[in-house]
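Note sheet for the following structure.
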Amino acid sequence: MAVDVDALYRKYGPMVIRRCRHLLGCEEQAIDAAQDTFVKVLRYENKLDCRAPSSLLFRIATNVCLNMIRARAKRPVPTDIELMENLAVSRSHEDKILASQVLDNIFRGEQPRTREIAVYYYVDNMTLEEVAAAVGLSVSGVRKRLRGLGNRVQERKEAFL
């Protein structure tokens, strides 16, 4: 017997998104996981036993999320330098918008001088001495700003993962 996926989505979609949000901790990933859940239902609609649809959807959503978490753990996270270099060479309009959003997230709450230092160092490949001369700080001051930025980015990354 075929499953009315549209009716299931209307009735149980919010529950599936809540479950995914709880497991993944990220709204965007939760929505992707919820969509994947219903895609699986569509793919196997003729094989599913839907006498208890909420339990079925809950189990599928949980498995989808756990697979996403496993994949995320296996995927290497780019270093800050790799990330900055990739963003610096973005070519397409979409890449530039994404780069802008990522950079805004990285520099959220940072002083303008710290942003300037990071661009000089990571994007322009200037030495610590050259950066220090350009921004009017000592080399140790530049190093301290970069270390602090790196620590804050790492904290955000860990909170996300």
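The values are calculated or read from the model by the stated rules, or taken from the named source; none is laboratory data. Predicted model only: the values in this text are computed from it and were never measured. Neighbour counts are summed over all protein chains in view; Cβ atoms, including those assigned to glycine, are modelled from backbone coordinates with ideal geometry.
How many residues are at pLDDT 80 or above and buried (at least 16 other Cβ atoms within 10 Å of the Cβ) if we restrict to the stretch 41-53?
Result for the stretch 41-53: 2.
If a residue must be outside any helix (DSSP H, G or I) and either in the same structural domain as R21 (by TED's automatic domain parsing) or on the phi < 0 side of the Ramachandran plot (or both), how many such residues does the stretch 104-161 contain?
Total meeting the criteria: 10.
Restricting to the stretch 25-64, count the residues that are outside any loop (DSSP other than H, G, I, E, B) and within 16 Å of D6 (Cα to Cα).
Result for the stretch 25-64: 14.
For the stretch 1-46, give me each residue that is of a type in the set (S, T, N, Q) and either outside the structural domain of T62 (by TED's automatic domain parsing) or touching a residue at least 12 places away in the same chain (Cβ under 8 Å) (or both).
Of everything in the stretch 1-46, those that are of a type in the set (S, T, N, Q) and either outside the structural domain of T62 (by TED's automatic domain parsing) or touching a residue at least 12 places away in the same chain (Cβ under 8 Å) (or both) turn out to be Q29, T37, N46.
Out of everything in the stretch 1-22 that is crowded, with 18+ Cβ neighbours inside 10 Å and aliphatic (A, V, I, L, M), what residue ends up being farthest from Y44 (Cα to Cα)?
This residue is I17.
Determine, yes or no, whether Q101 is closer than 30 Å to R147 by Cα, outside any loop (DSSP other than H, G, I, E, B) and modelled with pLDDT of 80 or more.
For Q101, the condition - closer than 30 Å to R147 by Cα, outside any loop (DSSP other than H, G, I, E, B) and modelled with pLDDT of 80 or more - is not met.
Mind counting the residues in the stretch 5-36 that are touching a Lys or Arg at 6+ places or on another chain (Cβ under 9 Å) and farther than 23 Å from R156 by Cα?
Within the stretch 5-36, residues that are touching a Lys or Arg at 6+ places or on another chain (Cβ under 9 Å) and farther than 23 Å from R156 by Cα number 1.
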